[in-house]
Amino acid sequence: MKKVVKFGGSSLASAKQFQKVGNIIREEESRCYVVPSAPGKRNNKDTKVTDMLYATYALAEKGKSFSKELDQIKARYQEIIDGLGLKTDLSGEFKTIEKNFKAKKGTDYAASRGEYLNGIVMADYMGYTFIDAAEVIRFDDNGAFDAETTNQILGERLENEPKAVIPGFYGAKADGSVVTFSRGGSDVTGSIVARASKADVYENWTDVSGFLVADPRIIQNPEIIDTITYKELRELSYMGASVLHEDAIFPVRQEGIPINIRNTNDPSANGTWIVASTGQKSKYTITGIAGKKGFCSVMLEKEMMNSEIGFGRKVLQAFEDKGVTFEHMPSGIDTMTVLVHQDEFMNKEQSVVAQIQRTVHPDSIEIESDLALIAVVGRGMKSSRGTAGRIFSALAHANVNVRMIDQGSSEMNIIIGVENADFEAAIAAIYNIFVVAKL
């Protein structure tokens, strides 16, 4: 058994948290490769080290003094080092950082130093080999991640390193210039390391005990999902659910490596397993609920539009020409609705409408704003009769007016459009009918 373990910023915010992480790693010999994030917040009023680095580099870019700010970052790491009783000396590293900040090496370089330094501390603490991600995670000359080159370089390096720490969030081009992944990039690094090392499991340790059925800001203490498929996770992530960075799914999905979301502060909890496929039935008919506010619908009506060749293409062309992306496109015999992000559409509304009028001559166009979309997702929905009926019955009892319905051909998700003002009530109603009432 070989495991890759990634720890988020909250799991490594202090020496006390580091000790929890050390205990978790030592508990199983199979936890071979560690991917750390930069130290996160120690409390609600604290600042993440990555944010401190951004602010410090902004001063350097303006040619202002940043010694005070860099000293504060040094102090964060020294507090961890002293708390762990280590003799790690980062003074040389900070001299290099200071020099490169003055040379204006870029925001990617600046942001990556949080993970880089934490990786050095983690390697010293665990007695593992430190591997700089810049040496093994490759980006091309345009700054795009080069998956295959990375897999080859990293795979060859790890063959000779049975225990290693590889910092998350960044890599480098062939010339050595540092490039970072987008938000949540340490999740991506963990997945890349899991693929390259041919790991059996990728454990992603964070501050929650798994993937939740619904947003805890809307539902108090929502249930944890035991097992979720990659497809279900993608549907929920797309609609706003956030535990794992979306891009982190793909490297392990290629190799069929399961992901286990775990809680550093509650290591006895089983967490959530993310798998390619499973014969296990969901605890409930649905797996999860997620959604977003701030959509706008453009509904066209035209008699016999279904017999007009190219009608849909011409409509979507109007949105594309004005740089507006669409989210969903439910249609009927004589109607077609295009759902778009409201903030992206409103300034281009009339130019899009004018082009639609010129090209397809609809009988009418109606625009409705302030809509929210909710995705109800679950592999169990396919084999359960009356799922849609129970959803709409629950919404009716909650006095929520449904503005749109769109069900995918996979029968694994149903998208519902409601008014922004009904968003929270709608999610609560759906959660209650399936999870609380267990229907």
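The values are calculated or read from the model by the stated rules, or taken from the named source; none is laboratory data. Because the structure is predicted, anything quoted here is derived from the model rather than measured. All Cβ positions, even for glycine, are placed from backbone atoms using ideal geometry, and neighbour counts span all protein chains on display. For accessibility, only protein heavy atoms count, side chains too; no ligands or nucleic acids. Shrake-Rupley method; radii C 1.70, N 1.55, O 1.52, S 1.80 Å.
Data overview
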{"item": "Yes/no for residue 350 being polar (S, T, N, Q) and in contact with a Cys (Cβ under 9 Å, 6 or more places away or on another chain)", "result": "no"}
{"item": "Strands (runs of 3 or more DSSP E) contained entirely in segment 363-431, each with at least 3 residues that are in contact with a Pro (Cβ under 8 Å, 6 or more places away or on another chain)", "result": "404-407"}
{"item": "The lone exception for residue 419 - which of (1) at pLDDT 90 or above; (2) under 21 Å from residue 320 (Cβ atoms); (3) not hydrophobic (A, V, I, L, M, F, W, C) it fails", "result": "(2)"}
{"item": "Pair list, Cβ under 7 Å, 6 or more apart: segment 267-287 residue on the phi > 0 side of the Ramachandran plot and among the polar types (S, T, N, Q), other residue in a loop (DSSP other than H, G, I, E, B) and open to solvent by 20 Å² or more (accessible area, probe 1.4 Å)", "result": "none"}
{"item": "Number of the exception - residue 332 against (1) more than 30 Å from residue 257 (Cα to Cα); (2) of a type outside the set (Asp, Glu); (3) without any contact (Cβ under 8 Å) to a residue 12 or more places away in the chain; (4) open to solvent by 40 Å² or more (accessible area, probe 1.4 Å)", "result": "(4)"}
{"item": "Residue match in segment 293-308 (condition: in a strand (DSSP E or B), open to solvent by less than 10 Å² (accessible area, probe 1.4 Å) and aromatic (Phe, Trp, Tyr))", "result": "yes"}
{"item": "Residue in segment 114-126 that is assigned to a loop (DSSP other than H, G, I, E, B) and hydrophobic (A, V, I, L, M, F, W, C) present", "result": "no"}
{"item": "Residues satisfying the stated conditions in segment 6-16, i.e. buried (at least 23 other Cβ atoms within 10 Å of the Cβ) and not small (Gly, Ala, Ser)", "result": "6, 7, 12"}
{"item": "Matching option when the condition is on the phi < 0 side of the Ramachandran plot, open to solvent by 60 Å² or more (accessible area, probe 1.4 Å) and in contact with a Phe, Trp or Tyr (Cβ under 6 Å, 6 or more places away or on another chain), among 74, 68, 62", "result": "74"}
{"item": "Lone unmet requirement of (1) over 30 Å from residue 283 (Cβ atoms); (2) among the hydrophobic types (A, V, I, L, M, F, W, C); (3) modelled with pLDDT of 95 or more for residue 181", "result": "(3)"}
{"item": "Of residues in segment 24-45 being touching a Gly at 6+ places or on another chain (Cβ under 8 Å) and assigned to a loop (DSSP other than H, G, I, E, B), the one nearest to residue 106 (Cα to Cα)", "result": "38"}
{"item": "Matching residues, segment 262-305, being over 28 Å from residue 360 (Cβ atoms) and among the basic types (Lys, Arg)", "result": "262, 281, 283, 292, 293"}
